[in-house]
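The values are calculated or read from the model by the stated rules, or taken from the named source; none is laboratory data. These numbers come from a predicted model, not from an experiment. Cβ placement follows ideal geometry from the backbone for every residue including glycine, while neighbour counts extend to all protein chains displayed. These area figures cover heavy atoms from the full protein model, side chains too; ligands, DNA and RNA do not enter into them. Shrake-Rupley method; radii C 1.70, N 1.55, O 1.52, S 1.80 Å.
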Amino acid sequence: MAAHKKVAEILSSIRENGRRELLEHESKKVLAAWEIPTTRVELARDAAEAVKAARELKYPVVMKISSPNIIHKSDAGGVKVGLSSEMEVRQAFKEVVDNARAYRPKAKILGVTIQEYVPHAREVIVGALQDPTFGATVMFGLGGVWVEALKDVSFRLAPLTADDAREMISEIKGYPILGGIRGEPAADIDAIVDVLQKVGQLAYEFPEISEMDINPLFVFDKGKGAIAVDARIILEEES
Ligand code: ADP
Ligand code: MG
């Protein structure tokens with residue numbers, strides 16, 4: 001209940017701003033309120049704020065452009081991973097903002113987000129949408145080409161039981177990548193199950209969330225968890 005109230009408050013503050021699309025740091029606020037593991041993240045409007053945020057979050061950090069007009073941040077040269085000093089943060093701020101301006105001259109740039117750097121892990125995508133007939137639906141797939149080129153994804157209606165979530169994970173073609181191949185340890189499937197169920201419950205309790213995705217969710221080896229490093233939530237048009 002407390003979580004529901006927190007999320008409702010975040011969504012209505014976005015509405016009050018006259019917006020439907022949550023920025024990454026706002027989407028992550030929703031995830032955190034819903035107890036879906038995600039990076040700590042702060043919005044920094046200038047280089048000095050970026051340095052201050054990096055110091056608070058502890059190096060190394062990740063910097064990303066924050067703009068309502070730039071959806072694919074890396075396409076815009078807007079993501080810098082693993083910055084490890086004040087000098088690098090200052091330099092990156094300039095580059096990220098310059099890149100974004102060159103990419104989309106009319107974009108409204110709010111600044112950058114500074115977030116925790118998460119060590120490399122397997123990347124998966126968890127999404128949700130409202131099906132016009134069936135309602136809240138959850139999507140699962142591996143990152144990158146698996147989703148884009150091979151359309152290797154699975155869907156289930158929310159809310160999901162743990163068994164539903166397990167099935168969703170094991171029925172994609174790329175599953176062996178998670179189950180462990182060539183002596184590689186298996187990924188933390190239970191952690192993915194938990195995120196799938198929580199995303200399903202979120203979309204089920206908030207039909208005004210017309211679309212959301214966690215892309216990517218970093219998944220560590222069995223027993224080590226998973227964490228959302230990018231997130232995006234879109235609200236339905238007001239009727
Ligand atoms: P885009 O808007 O292009 O999807 P992302 O936020 O997904 O931008 O970042 C692009 C890539 O950078 C991710 O797929 C991931 O590999 C890496 N990345 C993003 N955030 C972090 C982070 N906090 N720690 C480590 N790697 C990250
Ligand atoms: Mg992404």
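Quick look at the values:
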| read-out | value |
| --- | --- |
| Given (1) closer than 25 Å to A102 by Cα; (2) surrounded by fewer than 16 Cβ atoms within 10 Å (Cβ to Cβ), index of the condition V51 fails | (2) |
| Checklist (1) farther than 21 Å from T161 by Cβ; (2) over 17 Å from the mean Cα position of the chain (by Cα); (3) among the aliphatic types (A, V, I, L, M); (4) within 16 Å of ligand 1 (Cβ to nearest atom) applied to A186, failing item | (4) |
| Residue that is surrounded by the most Cβ atoms within 10 Å (Cβ to Cβ) [pool: residues in region 54-79 that are within 14 Å of ligand 2 (Cβ to nearest atom) and closer than 23 Å to P119 by Cβ] | I65 |
| Pair list, Cβ < 6 Å and 6+ apart or interchain, from region 3-31 residues that are closer than 23 Å to V79 by Cβ and touching a residue at least 12 places away in the same chain (Cβ under 8 Å) to residues that are open to solvent by 20 Å² or more (accessible area, probe 1.4 Å) and among the aliphatic types (A, V, I, L, M) | H25/V41; H25/L43; K28/V41; K29/I10; V30/I10 |
| Filtered residue count, region 94-116, keeping only those that are touching a strand residue (DSSP E or B) at 6+ places or on another chain (Cβ under 6 Å) and either within 15 Å of ligand 2 (Cβ to nearest atom) or open to solvent by less than 50 Å² (accessible area, probe 1.4 Å) (or both) | 7 |
| Within region 1-49, tally of residues that are outside any helix (DSSP H, G or I) and either within 19 Å of I192 (Cα to Cα) or among the acidic types (D, E) (or both) | 9 |
| Residues satisfying the stated conditions in region 129-143, i.e. away from ligand 2 (no atom under 15 Å from the Cβ) and within 26 Å of D221 (Cβ to Cβ) | V138, F140 |
| Residues located in region 198-239, provided they are modelled with pLDDT of 95 or more and among the acidic types (D, E) | E205, E208, E211, D213, D221, D230, E236 |
| Contacts under 7 angstrom Cβ, first residue in region 180-192 being under 15 Å from P37 (Cβ atoms) and touching a residue at least 24 places away in the same chain (Cβ under 8 Å), partner open to solvent by less than 80 Å² (accessible area, probe 1.4 Å) and part of a loop (DSSP other than H, G, I, E, B), 6 or more apart | D188/F220; D188/G223; D188/G225; A191/G225 |
| Single unsatisfied condition, I177 versus (1) within 18 Å of the chain's Cα centre (by Cα); (2) in contact (Cβ under 8 Å) with a residue 24 or more places away in the chain | (1) |
| Any chance R90 is open to solvent by 70 Å² or more (accessible area, probe 1.4 Å) and in a helix (DSSP H, G or I) | yes |
| Residues that are among the aliphatic types (A, V, I, L, M) and more than 22 Å from K28 (Cα to Cα), drawn from region 57-88 | M87 |
